[in-house]
Amino acid sequence: MLTLDGLSKTYKTGDTALSDVTLSVPKGQIIGLIGPSGAGKSTLIRCINRLVEPTSGKIMLGDVNLASLGKSDLRQQRRRIGMIFQEYALVERLTVMENVLSGRLGYVPFWRSFLRRFPATDIQRAYQLLDRVGLMEHADKRADALSGGQRQRVGIARALAQGPELLLVDEPTASLDPKTSRQIMRLLTEICSERGLPAIVNIHDVPLAQQFMQRIVGLRAGRVVFDGPPDMLTREALTTIYGEEDWNAMRQGDEEQAEAEAEARGRLAVLAQ
Ligand SMILES: Nc1ncnc2c1ncn2[C@@H]1O[C@H](COP(=O)(O)OP(=O)(O)OP(=O)(O)O)[C@@H](O)[C@H]1O
């Protein structure tokens, strides 16, 4: 269980990115974090593992307050948090298997990691994870030979190899096409519920969040302005989160995209005749 209590962040520039954010994420729950650009979504995710230092507030992971830890304790505690990134952050020239095993680096002694000699149990576990994310037959391929969706699956397996108690996921589908995005979101939600893992997913795509998330938290100007199930995300709620102008622009953008897709489908149908 993760509990944020009065979390605030003001950058040195004077920008207040988070104001008094309080929320709990129980085991197995996956939260979609939405909000307009600059609302504080990335800052929130980064404050939790202290890639960004919070200005005040508590970050309780179980009974440990991550916000109050010194450097070496923080290094230990970060093992409990798996990160999944938009751009995958894989080591391109290493194999899929080596990338997954790199999730164990916080646990194996330096000489072993330097020689890339991991304990047999780690290797066995990495195979199980590759099987779970559907990449068993790609274990020996180099990461740079994979598609975007496959890379993100490696990113998920690597985060799980760490044995995390919490997943922080930063725009996991922003570089993927709509179908692959849905597959990745499905995989993430299934894995969280199978393992009882809590997760926070920073997600730009509102319909995707509505389709897959059990709970949605809407941030606006650093404050939580919505917290509820996807079916409570009404037009009014979306207007509160995004503001009238941005929300209408988003809808228009969606409509334009739907029209463009329909037109393209029409052209393909003519060509196929
Ligand atoms: N390193 C930084 N230094 C100063 N201000 C920052 C820094 N990073 C973010 N900010 C400011 O903090 C606020 C929140 O930014 P943040 O990147 O967390 O928002 P976001 O919701 O993730 O936006 P986006 O969806 O565009 O990624 C913004 O006003 C931004 O300008």
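Miscellaneous remarks
- Expressed to the nearest 5 percent, the antiparallel share of DSSP beta bridges inside the chain is 55 percent.
- The phi torsions of segment 138-148, fed into the Karplus equation with coefficients 6.51, -1.76 and 1.60 and a -60° offset, translate into couplings of 9, 3, 9, 6, 6, 4, 6, 9, 9, 6, x Hz, rounded to whole numbers, with Gly and Pro shown as x.
- Remark: relative contact order (segment 1-116) = 23 percent; criterion is Cα-Cα distance under 8 angstrom and separation of 6 or more residues.
- Segment 1-122 - percent of accessible surface contributed by carbon and sulfur, probe 1.4 Å: 52
- A straight Cα-to-Cα reach below 17 Å connects residue 71 with the aspartates and glutamates 53, residues fewer than 8 places away in its own chain not being considered.
- Scoring 42-51, 148-157 by mean Cβ neighbours within 10 Å over their residues and listing the highest first yields 148-157, 42-51.
- Mean residue ellipticity (222 nm) of the chain, computed from DSSP H runs ≥ 4 via -39,500 (n - 2.57), nearest 500: -13500 deg cm²/dmol
- The orientation-averaged projected area of the convex hull spanned by the Cα atoms of the chain comes to 17.0 nm².
- Percentage relative contact order, the chain, counting C-alpha pairs under 8 Å, at least six apart: 26
- Length added when fully stretched, residue 3-residue 263, from 0.36 nm per residue minus Cα-Cα: 88.9 nm
- Residue 56-residue 175 FRET efficiency (beta carbon distance; Förster radius 41 Å; 0.05 resolution): 0.75
- Efficiency of FRET from Cβ geometry, residue 136 and residue 182, R₀ 22 Å, rounded to 0.05: 0.50
- Between residue 121 and residue 68, the FRET efficiency from the beta-carbon distance, with R0 = 35 Å, is close to 0.60.
The values are calculated or read from the model by the stated rules, or taken from the named source; none is laboratory data. All values reported here derive from a predicted model rather than from experimental measurement. With ideal geometry, Cβ positions are generated from the backbone for all residues, glycine too; neighbour counts draw on all protein chains shown. The area values use the complete protein model at the heavy-atom level, side chains included, leaving out ligands, DNA and RNA. Shrake-Rupley method; radii C 1.70, N 1.55, O 1.52, S 1.80 Å.
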